[in-house]
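Remarks on the structure that follows.
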Amino acid sequence: MIAMRGVAVALLAGSVVLVGCRPKQNPTMEPTIERGEAMPRPMTAENRAEELGEAVDEFAGARNGLVGHSDEQSRKQLAEAIGELSDVLTLLKGSDPNGAFRQQIRIMERARTRLSGDLATAPEPTINAALRAAQRALADMASSQFANDEQTNSLMQALDSRIEVLHTERGPLHAFEAARALDALGAVVERMAELVRQRLPQPQEAPATAPAAEAQSPALYARVLPAALRRSYDVSR
């Protein structure tokens, strides 16, 4: 009897284990995709240049309205500008971003999220990290895609100086320097976007239309034929 009871207990325990180990058919949590984590969709060179131009304009509009980072509204505006910059960088990089670039975008996206909702933490370190990440992403693109452009190199040097100043300021002065750094970032991406447009295949010019054959012009007949008849008459004489 005891042996039979032991067998029954063992069978019951086995059924519980089997039920408990059954794999889930549907996940209980949907995967979260951050704004900067979405893979770039395939697009033609023309579409990329067009969207890049629009993104650069939106970034310019976002940073033009910045008034500091001392209150909730101004931090949200700064977060929006960082988000627009993230979009510009993603379009500039193209359809095959490497791991280092994705890491820089993640830093910027975390900063955007923190600035939008965390008012208890000093904003300076978060802003510094985001703008430094953008500067590093642009430095990589400048060396790999635009190395031969002197204007890009000059703008990158100015940007490096603006980023370095950020780490020495706090409070209102930091907000002022952050706005200057964003303008320096804007100058770099505007130049890179211009170069992307310049590299597009140029449309072929249509060949010049050949002049109409002289024999097809009634006015020419009226002007030339009498002279020909006169020459014929003169020869016959």
**Report entry** Selection count, the stretch 166-190, where residues are within 23 Å of residue 71 (Cα to Cα) and either under 16 Å from the mean Cα position of the chain (by Cα) or assigned to a helix (DSSP H, G or I) (or both)
**Finding:** 14
Query raised in the report: How many of the residues making up the stretch 112-136 are small (Gly, Ala, Ser), farther than 17 Å from residue 71 by Cβ and either under 14 Å from the mean Cα position of the chain (by Cα) or at pLDDT below 95 (or both)?
Result: 1
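Do we have any residue at all in the stretch 124-144 that's among the small types (Gly, Ala, Ser), under 22 Å from residue 177 (Cα atoms), touching a Phe, Trp or Tyr at 6+ places or on another chain (Cβ under 8 Å) and assigned to a helix (DSSP H, G or I)?
yes
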Requested in this report: Test residue 231 against the criterion of being surrounded by 14 or more Cβ atoms within 10 Å (Cβ to Cβ) and either at pLDDT 90 or above or assigned to a helix (DSSP H, G or I) (or both), and give yes or no.
Outcome: no
Query raised in the report: Somewhere in the stretch 152-165, is a residue part of a helix (DSSP H, G or I), without any contact (Cβ under 8 Å) to a residue 60 or more places away in the chain and more than 19 Å from residue 192 (Cβ to Cβ)?
Result: yes
**Report entry** Count - residues of the stretch 40-99 that are closer than 18 Å to residue 177 by Cα and assigned to a loop (DSSP other than H, G, I, E, B)
**Finding:** 7
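The values are calculated or read from the model by the stated rules, or taken from the named source; none is laboratory data. These numbers were taken from a predicted model, which means no experiment stands behind them. Glycine also receives a Cβ, built like all others from the backbone with ideal geometry; neighbour counts cover every protein chain displayed.
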